[in-house]
Amino acid sequence: MEKPLTGNFRTDREAVSLAEYERAGGYQGLRKALLMAPADITELVKKSNLRGRGGAGFPTGMKWSFVPMGKDAPHPKYLVANADEMEPGTFKDRALMERDPHQLIEGMIVAAYAIEADIGYIFLRGEYECSHERLARAIAEAQASNYLGRNILGSGYNFEIHLHASAGRYICGEETALLNALEGKRAHPRTKPPFPQISGLWGKPTIVQNVETLCNVHHIVSKGPEWFRHLSRTEDGGTKIYGVSGKVKKPGLWELPMGTPMREILEDHAGGMREGLRFRGALPGGASTDFLVEQHLDTPMDYGNVQKAGSRLGTGTMVVLDDQTCPVGMVWNLEHFFAQESCGWCTPCWSGLAWTEKILFAMEQGKGGSRDLETLTFQTKFLAPGNTFCAFAPGAMEPLQSALKYFADDFRRHVDEHRCPWR
Amino acid sequence: MTVATIFIDNEPRQANPEQNLLHACLSLGYDLPYFCWHPALGSVGACRQCAVKQFRNEQDTAGKLVMACMTPVAEGTSISIADAEAVAFRAAVIQGLMQNHPHDCPVCDEGGECHLQDMTVMTGHRSRGYSFGKRTFRNQYLGPLVNHEMNRCIQCQRCVRFYREYAGGHDLNAFHLRDSIYYGRHEDGVLESEFSGNLVEICPTGVFTDATLKRHYTRKWDLQMAPSICVHCGLGCNTTAGERYGSLRRMVNRYNHEVNGYFLCDRGRFGYEFVESSQRIRYPLLNHQVATKDEALEHLGSMLLEGNVIGIGSPRASLEANYALRRLVGPNRFYAGVPDEDLLLLSTILRILREGPARSASLNDVEHSDAVLILGEDVTSVAPVMALRLRQSVRQATMRIADGLHIPTWLDHAVREAVQDAKGPLFIASSYSTKLDDIATTTYQAAPDDLARLGFAIAHAIDATAPEVPGLSPELETMIAEISTALLGAQHPLLVSGVSCRSRSVMEAAAQIAWALCKAGRPANLSFTMPECNSFGLSLMEPRPFSEAVRAIKSEQASTLIVLENDLFRRVPASEMTALLRGVRHLVVLDHLANATTEAAELVLPAGTFAESDGTFVNSEGRAQRFFQVLAPSTDVQESWRWLREGSVAAGFSNETQWQSLDDLITAMATEMPALGAIPAAAPSHSAAGKIAREPNRYSGRTAMLANISVHEPKPPDDPDSALAFSMESGPGTVPPSLIPFFWAPGWNSIQAVNKFQSEVGEPLRGGVTGARLIEPSQESGWQYFSAIPLQFKAQSGEWLLVPIFHIFGSEELSRHAQGIAQLLPRPYVALNPIEAALLGVKAREQIKVTADGAQFELEVMLRADLPRGVAGLPAGLPPLDSVLLPAFCKLSPIGAEVSTRGAP
């Protein structure tokens, strides 16, 4: 099968060099794009059914179509790569950036050209030092080869990329909080509308896009939307980098057709559960997605099907729960992370997550009561979309609400037995 | 303004489609709880308290929870406040806030006027389910004015939004995240913003509270309160005074849409403590001995009978006090208690506002100006709340950026994001760089004469028939073109100037620009700052110049001098004063604080401060406003006009029936002086408004308060001067807006209760804007341009031009005596440009000898690179420098050096 995203990866795990990248067809997509009208590129991306790979799954072409274009549009316009990968259990963007940095750069330039952007930023998770080093080098190489800068490849198009390492905090991965952080302000989200396409970075039209999404863009231009759609096994176009972590035999990352069933990923690629362990459930797309359990194992992993099963594809990197690990402890671990990362802007999130985390910790210590169980259920409704300022807290509630549903007995046992039965 | 019909719990109501739903619901009188929204700050959607259920259409029965503050009013909008899910959600938000909130109410200063308390009760949340620990903080010392207690914080963001975004401050910030955000400074220290005191009202809980009140704490419900006017500058911000047990406790903002709006400055909020200063004179003093009231009046009467009495009025005494003195001594023997130069400046302002086409701007007009030139004024230090309004004015022109992106004006952070650093045109030309410079488009520092020349040149650029100013540099010509273009391109241009430079030319130049704009079809407003709370009023009294009083005394045509509420030693050099005083046989002084003038007096009569008097001040806009007594003194303190009246009766000049009440005096004053004809309209008379209690109905201890003296409850003091009563008992009927003693409504104990008194939230109080404007522009077209253009300032060899540098704390006489503010006064200094200092051979903080206006001082050197060459600065109004009449040329010599050396400029 074709692996446009990972096909160039080297076995020694070093970055694909510029020479290797070009030999493999790199920057041909850019050359082709520069001969097209920007709006036509957006059309291609629309037809390809590419959806955002950062977690929300919003149709990428549609997202770009809201950017004001033409001579009356405000400038400068910005394209921002959201490389602040901090979702627990997610490590796909790291692989893309460390192993093939030029792929991201080419994708960014084509995407920027499509929206007539002038300046690009890569907002990179601060801890990704290796990515930082390799991206910085690749940007310099691209600059030297006139893929970046002024009059790119003689096209008259100007575009520059700045690499910015985040100072930290998970909420910076939320696209509007990212913009605030990039502007040097406190990283709390913004309300939408107005959308970043209208008032984004420094109040100018901006597209924020996930790394994996961008890496697909020039391939679509090179080989066309039909090719892209045919890579997939379902309606959503392209391949997907799926990941598995947890107590499986072979945790890792694999580029597979979009819509590959969960069972296939877990058993054929991740090698199934470790010896002596049984599968209890998995968070299909990182920490802020609902558990899917055994009955869901045949779900094709694309946006629509996972949603029908009661969860979200999210980042497509699964966190697996085995039967020897306490679900309450796992959920506490996740909620501890979320409570810690609440930006503090809206009351339900900063208050509800703190209370949730404290209850789960107490439960693990055997000090949880029935009222606490009621409170947990209450919080999953209180921290619902629309009740909070952004999607962070509703995401934080997804593992909890699904754990309360599927592992209700385990919670009950903690309360009734005044202990964690797994210890 | 279009109107939309919206449905609130199925009731059709009219609302303004330019507002958000929270604003509309509150204006319609609904009790919808909120925290982070504020009418002056707009919506950010942080607290989630104002949730309502919104229905898409009639078929939609489930609806969706939305935040009212983030939802626009639109035709047909249908919401429910009473929806069960919305009610439960709002209570759940309070529950969330209460997780970390300490059980502080009994010991918290905010209790009884706490917005969090009010909203908690409003949502019905009662019982605590949270059993875990609460996060706590170490508090910071933020200065003597504002107290810090972070454990109470509910993270509503209001403090930093007001302090940083609205007031332009830098040193208060939000630190950390999640449920332990910390609002404070990077380190302990005095808050730098002049508006930090507003935090005590902006904060909905007890995080930021009034540190001066804390020293003599009283619950709001226990305070006796009255509507008052700030006495610490010429803007006349409306305040509410609160007292208990006969001592003044605190001042808070009293909403006036045209004047102060929602905010005060720190001088106005915390300056009140002078009323309780140990320097207060509370009994008559006869030759420095305490005398009885009868003895004092007897003496006054016999002095008056001797004849040859002259009176010196005061720009900080009420109209009534000044008028009473004027009546007593006669208009030809009533003199201004300010140097002649100042009187000339004030009468120049009057003439400009009367004769020309430009209108005197209210502070609300200032805020809505879309291009501003400040000529020769340090607004932040002299008229602080105007500076706060100007900070909002630079947002006016840029609102079109947000409009273009269809972002509603009230969606505060989205507007600020779209606008970024763009600001409307604000130009500041002053003798030193001011704190407002940080939002200015262009600034220019020069000596006063050069500021005037710049102004006249701008007027000429706008209208070529205005006199020209030749010989300006190319840089100045560029600036002139920039400024004149901006002013001409504006819908509401504004000129700000004032008396601080002590330059008539500067003010005339400002007027010239405004008149040129009016001639060009751009209705320009003018705003002149004035130093004291009744400077405008004093000038309307047509006092004779002070120098004529001196002459009268010297030529022995004055035996008795009555000085009204004025420390003349601050107005003229000590040597001149001593000579003056030797020339009169009797010196009578009416004042409230002991000072050099009272020390020299034969008879001192204890005058009431604003807290113990009723009266009228005219602010720099020309608005007459009435202030009302909050406490009935148990000592001999009474209004100055009453002393003068009783002295007149004692001398047999008038009988007991004259001016028995304030209204009689006001009527007489308005009748005799047409310029003051509108004074009675400033507030309703005693009989017109029924009976209005100064005490809220939870006021405690009324019957037991004096039981240690006598168990018989005394009759409450009478108030013949106003409809207000020293009582808890109110008559029926609505209270006229100028007489509202405190803002309180059922369920709204905090200052947010003001919502219930406004015609619409953020609009004037119901009943109309209070106060009476006394001057409107002339309809005649007979005005002429000013033609006296000063020559370019030339630095003089061996001398420097001393200009006054104003300080919000220190330059004003009364607030210096406030205990909190006294800790923030600057040390006396002389400011020099570093180049000048180097030429003189002095460094910062070294001492230097300053000789000016016949006086000599040894002062610490402060370096200021913004001072023009040949110019030095002295802190205005700060003792012992307050009597130096500035601007004045001075000699400077390093200590030890005989002659000052000064190289070429």
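The values are calculated or read from the model by the stated rules, or taken from the named source; none is laboratory data. Nothing here was measured: the structure is a model prediction, and the numbers come from that model. Heads up, the Cβs are rebuilt from the backbone with ideal geometry, glycines too, and the neighbour counts pull from every protein chain shown. Ligands, DNA and RNA are stripped out before the accessible areas are found, and what is left, the full protein with its side chains, is counted by its heavy atoms. Shrake-Rupley method; radii C 1.70, N 1.55, O 1.52, S 1.80 Å.
A Förster radius of 30 Å, combined with the Cβ-Cβ distance separating B:E295 from B:T734, puts the computed FRET efficiency at roughly 0.05.
Using a basic spin-label model with each label point 7 Å from the Cα along Cα→Cβ, how many nm lie between B:Q796 and B:R845? Using points 7 Å along Cα→Cβ, the separation is 3.3 nm. Over the stretch B:771-905, with a single point scatterer placed on each C-alpha, what log10 of the ratio I(q)/I(0) does the Debye formula yield at q = 0.09, 0.15 1/Å? Values returned for q = 0.09, 0.15 Å⁻¹ are -0.37, -0.77. Dipole of the protein assembly as shown computed with +1 at Lys/Arg Cβ and -1 at Asp/Glu Cβ about the Cα centre; of B:A670, B:S797, B:L487, farthest Cα towards the positive end is B:L487. Ranking B:E165, B:E243 by solvent-accessible area of protein heavy atoms (1.4 Å probe, all protein chains present), from largest to smallest, gives B:E165, B:E243. Based on Cα contacts under 8 Å between residues 6+ apart, the stretch A:355-397 shows a relative contact order of 28 percent. Beyond 20 Å, what percent of the Cα pairs of the stretch A:70-225 remain? Pairs farther apart than 20 Å: 47 percent.
Rounded to the nearest whole Hz, the Karplus-based 3J(HN,Hα) values (6.51 cos²θ - 1.76 cosθ + 1.60, θ = phi - 60°) of the stretch B:130-141 follow the sequence 6, 10, 8, x, 10, 6, 10, 9, 8, 7, 10, 7, with x at glycine and proline. Classify chain A from the C-alpha gyration tensor, please: rounded if a/c falls under 1.5, else prolate or oblate depending on whether a/b exceeds b/c. It comes out prolate by the Cα gyration axes. Can you give me the pair-distance distribution of the stretch B:686-843, C-alpha pairs, 10 Å bins, whole percents? The distribution over the stretch B:686-843 is 7, 17, 17, 22, 15, 13, 9, 1, given as percents. Given a Förster distance of 41 angstrom, what is the FRET efficiency for B:L825 paired with A:R371, based on the Cβ-Cβ distance and rounded to 0.05? FRET efficiency, B:L825 to A:R371: 0.10. In this structure the amide hydrogen of A:Q197, modeled in the peptide plane, comes within under 5 Å of the amide hydrogens of A:T206, none closer than 5 places in sequence on its chain.
Stokes-Einstein diffusion for the stretch B:206-269, with the hydrodynamic radius set to the Kirkwood value over Cα pairs and evaluated at 4 °C in a medium of 1.567 mPa s, equals 105 µm²/s. Accessible area per residue was computed with a 1.4 Å probe on protein heavy atoms; A:V110 scores about 0 Å². Cα centroids of the stretch B:152-173 and the stretch A:129-155: 42 Å apart.
Heavy-atom accessible area for B:D9, with the other protein chains in place and a 1.4 Å probe, reaches approximately 60 Å². Between the Cα long axis of helix A:101-114 and the first principal axis of chain A there is an angle of about 70°, rounded to the nearest 10. Amide hydrogen proximity for B:A524: with H placed 1.01 Å from N in the peptide plane, the residues at 5 or more positions away or on another chain lying under 5 Å are B:C518. The separation of the stretch A:14-36 from the stretch B:808-859, counted between C-alpha centres, amounts to 69 Å. Whole-percent P(r), the stretch A:72-124, all Cα pairs, 5 Å bins from 0: 4, 18, 25, 21, 14, 9, 5, 2, 0.
Sort B:193-201, B:38-46, B:104-112, B:343-351 by packing, meaning the average of other beta carbons within 10 Å per residue, with the highest value first.
Put in order of decreasing packing, that is B:193-201, B:38-46, B:343-351, B:104-112.
Heavy-atom accessible area buried between chains B and A is around 3000 Å² (1.4 Å probe, both sides summed). Largest mean-square fluctuation among A:Q103, A:Q295, A:Q340, in a Gaussian network model of chain A whose springs join Cα atoms under 10 Å apart, belongs to A:Q295.
Across every direction, the projection of the convex hull enclosing the Cα atoms of the stretch A:340-399 has a mean area of 3.8 nm².
Counting only protein heavy atoms and a 1.4 Å probe, chain B has 36 square angstrom of accessible area per residue. Mean per-residue shielding of peptide A:375-388 is 3, counting Cβ atoms of other chains within 10 Å of each Cβ. In this structure, the amide hydrogen of B:A725, modeled 1.01 Å from its nitrogen in the peptide plane, lies closer than 5 angstrom to those of B:I692, B:A693, B:R694, counting only residues at least 5 positions away or on a different chain.
Sorted largest first by accessible area at a 1.4 angstrom probe radius, with every protein chain in place, the residues B:H101, B:H170 fall in the order B:H170, B:H101. The Rg/Rh ratio of the stretch B:697-770, with both radii computed over alpha carbons and Rh defined as the Kirkwood radius, is 1.07.
The Cβ shell under 11 Å around A:P4 holds other residues with a net charge of -1, Lys and Arg each +1, Asp and Glu each -1.
Which value, in debye to the nearest 20, gives the size of the charge dipole of the stretch A:273-423 about its Cα centre, when Lys and Arg are +1 and Asp and Glu are -1 at the Cβ?
Its charge dipole is roughly 220 debye.
State whether the stretch A:1-130 is rounded, prolate or oblate according to the following rule on the C-alpha gyration tensor (a ≥ b ≥ c being the square roots of its eigenvalues): a/c under 1.5 gives rounded; otherwise a/b larger than b/c gives prolate, and the remaining case gives oblate.
Numbers: a/c = 1.75, a/b = 1.39, b/c = 1.26.
Verdict is prolate for the stretch A:1-130.
Here the scattering of the stretch B:281-364 is modelled by Debye summation over its C-alpha atoms, one equal scatterer each and no solvent; at q = 0.15, 0.21 Å⁻¹ the log10 of I(q)/I(0) is -0.77, -1.15.
Each eigenvalue of the Cα gyration tensor of the stretch B:35-168, multiplied by 5 and square-rooted, gives one semi-axis; in descending order these are 31, 20, 11 Å.
Computed from Cα atoms, the angle from the helix A:38-47 axis to the main principal axis of chain A rounds to 40 degrees.
Taking the inverse of the mean 1/r over every pair of distinct Cα atoms in the protein assembly as shown gives a Kirkwood hydrodynamic radius of 35.0 Å.
Accessible surface for B:Y166 stands near 20 Å², nearest 10, in the context of the full protein assembly shown (1.4 Å probe).
Once the Cβ-Cβ distance of B:D188 and B:Q279 is raised to the sixth power relative to R0 = 35 Å, the FRET efficiency obtained is 0.70.
Would you work out the Kirkwood radius for the stretch B:722-803? I mean one over the mean of 1/r across all pairs of different Cα atoms, in Å. Please list the in-between numbers first.
Working: mean 1/r = 0.0533 Å⁻¹.
Kirkwood radius, the stretch B:722-803: 18.8 Å.
In terms of Cα atoms, the Rg and Dmax of the stretch A:1-75 work out to 16.0, 49 Å. Sequence-ordered 3J(HN,Hα) estimates for the stretch B:545-558 from the Karplus curve with 6.51, -1.76 and 1.60 and θ = phi - 60° stand at x, 4, 4, 6, 5, 4, 5, 4, 5, 5, 8, 6, 9, 9 Hz, glycine and proline given as x. The stretch B:188-208 and the stretch A:261-283 have Cα centres lying 58 Å from one another. Counts of other chain beta carbons within 10 angstrom of each beta carbon in peptide B:39-52 average 3.
Could you order B:K53, B:K64 by accessible surface area, starting with the largest, using a probe radius of 1.4 Å?
B:K64, B:K53
Scaling the Cα radius of gyration of chain B by the globular reference 2.2 N^0.38 Å produces a ratio of 0.97. Ranking A:F159, A:T356, A:S199 by Cα position along the charge dipole of chain A, where only Lys, Arg, Asp and Glu carry charges on their C-beta atoms, puts A:S199 farthest toward the positive end. For the stretch B:109-153, the equivalent ellipsoid derived from the Cα gyration tensor has semi-axes of 25, 17, 5 Å, listed largest first.
Normalised by the residues of the stretch B:601-670, what does the relative contact order come to in percent, with Cα pairs under 8 Å and at least six apart?
Result for the stretch B:601-670 is 28 percent.
Here the dipole of the protein assembly as shown is about 2120 debye; that uses its Cα centre as origin and unit charges on the Cβ of Lys and Arg (positive) and Asp and Glu (negative). Other residues whose C-beta falls under 11 angstrom from the C-beta of A:R169 contribute a net charge of 0, scoring Lys and Arg +1 and Asp and Glu -1.
Taking every residue in A:336-347, how many Cβ atoms of other protein chains lie within 10 Å of its Cβ, on average?
Across the residues of A:336-347, the mean count of other-chain Cβ atoms within 10 Å is 5.
Normalised by the number of residues in chain B, the average gap of Cα pairs under 8 Å and 6 or more apart makes the relative contact order 14 percent. Taking all protein chains into account, the per residue accessible area for chain A stands at 37 Å² (1.4 Å probe). The alpha carbon gyration tensor of the stretch B:780-850 gives principal lengths a ≥ b ≥ c with a/c of 1.5 or higher and a/b no greater than b/c, which makes the shape oblate.
Taking 1.567 mPa s as the viscosity and 4 °C as the temperature, the Stokes-Einstein diffusion coefficient of the stretch A:237-360 based on its alpha-carbon Kirkwood radius rounds to 85 µm²/s. Summing charges over neighbours of B:K756, with a neighbour being any other residue whose Cβ is under 14 Å away from its Cβ, gives -3 when K and R count +1 and D and E count -1.
Note on the stretch B:520-670: Kirkwood hydrodynamic radius from all Cα pairs is 17.6 Å, rounded to one decimal.
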